[in-house]
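The values are calculated or read from the model by the stated rules, or taken from the named source; none is laboratory data. Being a predicted model, the structure only gives us computed values, none of them experimental. Using ideal geometry, Cβ is built from the backbone for each residue, glycine included, and neighbour counts are taken over all protein chains shown.
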């Protein structure tokens, strides 16, 4: 039984399908006990979080997008190692916000991802992070996040 997946479902979430990379990269590379996950986008089927923060989309909506990305990245992790219970620790997340030049609340947007990881993993979800603004992101998404995860066999 994947207890972490059960925890995720008890919080009202389902893992999406693992996305297919859209360019010359892979979703995840494992070296030793570390997974390096490519940047995830807030896209789940027809649901997309698109636009510049805060002019086209609110920081709160972008934070929901950051949470969507984490669900997407958890699907990649589970696909790679078979069970979310094998996650020893979320080591780091790096978040990029498609923002106007004068927007400075990038950490509030990336908190959507950080708080979600703490809800799902508890202490294993505590991580280092970067929260930056970007002039533009792929497909005009509001946020993109990559991550490093420690796993056990």
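Within the stretch 37-91, work out how many residues are within 16 Å of residue 27 (Cα to Cα) and not in a helix (DSSP H, G or I).
9
Quick one: in the stretch 7-27, which of the residues that are in contact (Cβ under 8 Å) with a residue 40 or more places away in the chain, under 19 Å from residue 124 (Cβ atoms) and over 13 Å from the mean Cα position of the chain (by Cα) is surrounded by the most Cβ atoms within 10 Å (Cβ to Cβ)?
Step by step, filter the stretch 7-27, then rank; the result is 8.
Looking at the stretch 35-63, which of its residues are surrounded by fewer than 18 Cβ atoms within 10 Å (Cβ to Cβ), at pLDDT 95 or above and farther than 18 Å from residue 134 by Cβ?
Across the stretch 35-63, the qualifying residues are 36, 60.
Filter the stretch 128-153 down to residues that are in a loop (DSSP other than H, G, I, E, B) and farther than 22 Å from residue 99 by Cβ and give me whichever is modelled with the lowest pLDDT.
By that ranking, first place goes to 153.
Could you look through the stretch 123-153, keep only residues that are more than 16 Å from the chain's Cα centre (by Cα) and more than 21 Å from residue 43 (Cα to Cα), and pick out the one that is surrounded by the fewest Cβ atoms within 10 Å (Cβ to Cβ)?
Checking each candidate, the answer is 153.
Would you check which residues across the stretch 98-127 are touching a helix residue (DSSP H, G or I) at 6+ places or on another chain (Cβ under 9 Å), over 27 Å from residue 26 (Cβ atoms) and not in a helix (DSSP H, G or I) and list them?
Across the stretch 98-127, the qualifying residues are 99, 103, 105.
I'm trying to understand the selection: among the residues of the stretch 65-97, which are surrounded by fewer than 19 Cβ atoms within 10 Å (Cβ to Cβ) and either in contact with a helix residue (DSSP H, G or I) (Cβ under 6 Å, 6 or more places away or on another chain) or modelled with pLDDT under 95 (or both)?
85, 89
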